[in-house]
1. Using a 10 Å cut-off around each Cβ of peptide B:95-105, what is the average number of partner chain Cβ atoms that fall inside?
2. Students often get this wrong, so check it: of B:LYS41/B:LYS75; B:LYS32/B:LYS180; A:LYS22/A:LYS62; B:LYS32/B:LYS76; B:LYS41/B:LYS76, which have C-alpha atoms separated by over 19 Å?
3. For peptide B:125-135, what's the mean number of Cβ atoms from other chains within 10 Å of each residue's Cβ?
4. Quantify, in whole percent, the carbon and sulfur part of the accessible surface of the range B:132-204 (1.4 Å probe; protein heavy atoms only).
5. B plus A alone minus the pair: what accessible area, both sides summed, probe 1.4 Å, in Å² to 100?
Amino acid sequence: MSEGNNKNNVQLEFVRSRRLEKMATAEKIRMILDSVKEEKIVILEDRMNPDEESKLIEATMKEINPDNFSGIEIESYKDEQKSSGLFDRFMSNDDPQMTIIGPSNQLNEVNQDEDIMTAMISNEEEQG
Amino acid sequence: MDKLKGKFSGWFVFGESAPENIGIYGPPNSGKTTLTNRIVKESTGLGGDEQDEEELEEEMGSASHIPHETRRADKKEDVTIEHDGEEVTLNVVDTPGVETQVDYEEFVEYDDFDGDEEDAIERSREATEGISEAMRWLRGDIDGVIYVLDSTKDPFTQLNTMVMGVIESEDVPAVVLANKVDEEDSNVERIRNAFPQYDVIPVSALHGENMEEMYKSISENFG
């Protein structure tokens, strides 16, 4: 299995919704954090529910280390046309969802408009 | 205390099952601590006349702009409001702004920070513990939420969506404050559009604007 980023590559992990559906919350969070700490960008074919996201943040906080991990950046694609208000956006499951999660020092400036989500990924050299 | 009774007359009518722990949540730098301090101060009878207001504003305005100034959940117990001879008591819990990342190097960049790298690392450790604690509290130990937003900023963020989602799933009553209405870029309507199912109260915690409407909404939603 790849060790993550080297000087020239950024590794993306796409995780299908059918796999996510089979995973318990703790397992999902562990998978995400393990990958992100290996400097991978994780793309979920779904959105975590609020409880899962809050637990992801809680787990992230416990694993932040000043030497090599300062946290995550997370952004979910939202369908702006069909939902109004923040709660409706979270609960609307009619359209495919997508979530991008990466190391906070690499995944920058995630923006989205109606149909396109863009993210800037900085490719930092591995520390020797 | 007579001044306080007059100010809050008719607003605080708590039933027997009034929430005990009211969490003040919101993004970093939205004014949570300023609001908490004002609520606590006003509960002791301060505020209202010009001199008191000036002193309050000076104290509220001295909040640090160093990141993660509030690093742990700070519970102000037994905040008591007297109304028509009856006392209403709340525990007000000021929480750190929820973030997904904490970098100790942010602290050393600020002129106001006079510590060294070790102090910055310790501060960041406290901040991570505080955010983790705030998330745990939100999922179990909070009876009501005052969600404080900076009305000059876009409310449609991942974190706001997540926190409000937890509040909904926990079936916790909440009041949303659109803070910093004294600032030029304030846009309260944008916040009302983001939270159509909640009372959105425009306030300035720093200058004490519209506190009466806030207290009224708190009594209606948490009573």
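The values are calculated or read from the model by the stated rules, or taken from the named source; none is laboratory data. Note that this is a predicted model, so its numbers are computed, not measured. All Cβ positions, glycine included, derive from the backbone under ideal geometry; neighbour counts span all protein chains shown. These accessible areas exclude ligands, DNA and RNA; they are computed on the full protein's heavy atoms, side chains included. Shrake-Rupley method; radii C 1.70, N 1.55, O 1.52, S 1.80 Å.
1. Working: counts 0, 1, 0, 3, 6, 14, 13, 7, 7, 3, 2.
Per residue, the average neighbour count from other chains is 5.
2. On the way: B:LYS41/B:LYS75 14 Å; B:LYS32/B:LYS180 11 Å; A:LYS22/A:LYS62 25 Å; B:LYS32/B:LYS76 13 Å; B:LYS41/B:LYS76 11 Å.
Pairs exceeding the cut-off: A:LYS22/A:LYS62.
3. Working: counts 4, 0, 2, 9, 3, 1, 7, 7, 2, 4, 9.
Average per residue, whole number: 4.
4. Numbers: 1000 of 2640 Å².
The nonpolar share, carbon plus sulfur, comes to 38 percent.
5. Values: alone 11330 and 8350 Å², together 17240 Å².
That pair of chains buries around 2400 Å² in total.
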